[in-house]
Amino acid sequence: MNDIRRTILWVIFGFSMVLLWDQWQVYNGHKATFFPTSAPVSAKAHGSAPGETHGVPVAHDASGPAASAARVPGAAAALPATAAATAAAAHTQVVVTTDVMRLTFDTEGGSVIGVDLLKYPDENDKNRPLALLEDNKDHEYVAQTGLIPGAAGGTFPNHKTIMTVVPGVRTLQPGANDLTVEFESPDLGGVKLIKTYTLHRDSYAISVKFDVVNTGTVPVSPQLYMQLVRDGSKPASQSRFASTFTGPAVYTDAKKYEKIEFKKIDENKVDIPSESNNGYVAMVQHYFASAWLLGDGIPRNLFVRRVSENPNLYAVGMITPLNNIAPGATRSVQARLFAGPEEEKMLESLAPGLELVKDYGWVTILARPLYWLLYNIHNFLGNWGWSIVALVLLLKAAFYWLNAKAYGSMAKMKAINPKVLAMRERLKDKPQEMQQEMMKIYREEKVNPLGGCLPMVIQIPVFIALYWVLLSSVEMRGAPWILWIHDLSAPDPYYILPVVMALTSLLQTALNPAPPDPMQAKLMWIMPLAFSVMFVFFPAGLVVYYITNNSLSILQQWIINTRMGVPPKFHLPKF
């Protein structure tokens, strides 16, 4: 019983070391030792996904619209002849700039192939903005739309069709709140598609209007698709020691938020609603996301798939049927494309459930109130670093009496430690008698050996939730604190905070009763040093949180020990 608390700590420590070594292997370019990831599936292993031709979702069959998790079913349909013939034709790029973003469009399909976030500098080059969407030899992440045939068949404009851009202003002018860019397709299969993008001041949500014009002599029933396509690589700036999710996500009222790992798509193990009349599709990465938003009440088929042309390219999207469009008539659909930071308040205002792309995992129920509290503290203090310090201070105050019971129990254990050590030495060859005598001492002294552990365990979920709040909040990115800390989301460039973190951890160890086993006593000093190595790679904001928590714990432990008549004493290691 005496060593239960230390045993729990050693289990946690051992598992942490396994994770640390595993990530260290990956960080140095080696294969993971304990948790290897599946290798990308080669192009030879898989051909074109069913229901897809040259990256274009195809028509549904006569039974009606349907979409599966990893593919869009239906009979295979070739690309429109004109689009196929003009695929190699010249297409140009159109760059449009607002106060917060710079978009690059391609006249091939009128697709969005670049989004630069002007208020968020690139982590590797502070002189240029962060590129969220881009299309180059190293990275592909684009937003595409187009038409596919319905049950009646046909050949319609899609994201491979060369379109004409309507001349206009390309920079948001002073005093103007909106900027419009319009693309018009040629007549294909008796249908013309007009895409109108409207960018708004101080907004990362782009209004997109699709006008489908029937230029033929018979009714047509195309379907409109919207998809986000990106490769399976994680952002280059992502820390190996603080891994966050990168990949597609789908939200519906029925099944709520579902994130989908790329390897699950490769294995065809995705289960998402095939049909819905609400929700969104998104691509998520650390701090930033993109999403196609369609108004509630509009039927849609959701899909996630791997693009056959590239074994490392994935798509998430939705398809909405347009029903019969009479000759000479126009059918319009309004949608929005979001591409920007995961600012929780902004996401909540755009669409139901969109704030969930800022993923806290299993601690969401605790993390969201903590973020709300941190956000409001920042509104008062105006500095995210000091807001972290203030939030930890409030949490320690809230858990004061719980911590007091834990430290009180530890103080009692410390007081009887000489008696326990003497008994263990006297009965070291009689383990059963030693155990009985130890229980007798606990009863006589009214000491609970678990009293110092259980109150700490109760608090663990709260502090794990706070960890994820600090790790996930884009507000920390580029946020300064004091002196040399100019970015709370980046590691301390001079390693001062990790050293302070190690010192506070060692001080806590010195204040605790020394374990009876000399080897355990030595290893208890090695543990904080080993953890401090990991903290070198952690964002500064997280280290500030741990330093504050440690410092307040030391102060509280010192006060409680003094009040209980157990003078604080430093137990230094004997190596």
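The values are calculated or read from the model by the stated rules, or taken from the named source; none is laboratory data. Every value quoted in this text rests on a predicted model; they were computed, and no experiment measured them. A quick note on method: Cβ atoms are made from the backbone with ideal geometry, for glycine too, and the neighbour counts reach across all protein chains shown. Protein only, heavy atoms only, side chains kept; ligands, DNA and RNA dropped before computing areas. Shrake-Rupley method; radii C 1.70, N 1.55, O 1.52, S 1.80 Å.
Some observations on this one:
- Residues within the range 188-220 that are small (Gly, Ala, Ser), modelled with pLDDT under 95 and open to solvent by 30 Å² or more (accessible area, probe 1.4 Å), tallied: 1
- Counting only strands (runs of 3 or more DSSP E) wholly contained in the range 181-252, the ones carrying 1 or more residues that are acidic (Asp, Glu) occupy 205-214, 223-231.
- The one condition in (1) open to solvent by less than 10 Å² (accessible area, probe 1.4 Å); (2) closer than 18 Å to LEU147 by Cβ; (3) at pLDDT 95 or above that VAL333 fails to fulfil: (1)
- Any pair with Cβ under 6 angstrom, 6 or more apart, that starts in the range 116-128 at a residue that is hydroxyl-bearing (Ser, Thr, Tyr) and ends at one that is open to solvent by less than 60 Å² (accessible area, probe 1.4 Å): TYR120/LEU130
- Single residue of the range 446-485 satisfying the filter (outside any helix (DSSP H, G or I) and at pLDDT below 70) that is farthest from the chain's Cα centre (by Cα): LYS446
- Flag for LYS126 being assigned to a loop (DSSP other than H, G, I, E, B), touching a helix residue (DSSP H, G or I) at 6+ places or on another chain (Cβ under 6 Å) and either open to solvent by 40 Å² or more (accessible area, probe 1.4 Å) or within 22 Å of PHE338 (Cα to Cα) (or both): no
- GLY295 falls short on exactly one of the conditions (1) open to solvent by 30 Å² or more (accessible area, probe 1.4 Å); (2) over 22 Å from the mean Cα position of the chain (by Cα); (3) over 28 Å from ILE265 (Cβ atoms), and that condition is (3).
Quick grid of which residues meet (1) in contact with a Gly (Cβ under 8 Å, 6 or more places away or on another chain); (2) not aliphatic (A, V, I, L, M):
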residue: ARG477; (1), (2): no, yes
residue: PRO480; (1), (2): yes, yes
residue: LEU483; (1), (2): no, no
residue: SER489; (1), (2): yes, yes
residue: PRO493; (1), (2): no, yes
residue: PRO498; (1), (2): no, yes
residue: SER505; (1), (2): no, yes
residue: GLN508; (1), (2): no, yes
residue: LEU511; (1), (2): no, no
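- Residue in the range 93-103 that is most open to solvent (accessible area, probe 1.4 Å), counting only those that are touching a residue at least 24 places away in the same chain (Cβ under 8 Å) and not aliphatic (A, V, I, L, M): ARG102
- Residues of the range 263-293 satisfying the condition of being farther than 17 Å from VAL229 by Cα and part of a strand (DSSP E or B): GLU275, SER276
- Filtered by the rule that a residue be of a type in the set (D, E, K, R) and not in a strand (DSSP E or B), the range 294-323 gives ASP296, GLU309.
- Scanning the range 259-296 for residues that are aliphatic (A, V, I, L, M) and within 26 Å of GLU348 (Cα to Cα) yields ILE260, ILE272, VAL281, ALA282, MET283, VAL284, ALA289, ALA291, LEU293, LEU294.
- Residue in the range 260-267 that is more than 23 Å from GLN144 (Cα to Cα) and either modelled with pLDDT of 95 or more or open to solvent by 30 Å² or more (accessible area, probe 1.4 Å) (or both) present: yes
- The range 486-501 - residue that is over 19 Å from the mean Cα position of the chain (by Cα) and surrounded by 21 or more Cβ atoms within 10 Å (Cβ to Cβ) and, of those, farthest from ALA540 (Cα to Cα): MET501
- Filtering the range 129-172 to residues that are surrounded by fewer than 18 Cβ atoms within 10 Å (Cβ to Cβ) and in a loop (DSSP other than H, G, I, E, B) leaves ASN136, LYS137, ASP138, HIS139, ALA151, ALA152, GLY153, VAL166, PRO167, GLY168, VAL169, ARG170.
- When restricted to residues that are surrounded by fewer than 17 Cβ atoms within 10 Å (Cβ to Cβ), more than 21 Å from GLN459 (Cα to Cα) and among the hydrophobic types (A, V, I, L, M, F, W, C), the range 370-405 contains 3.
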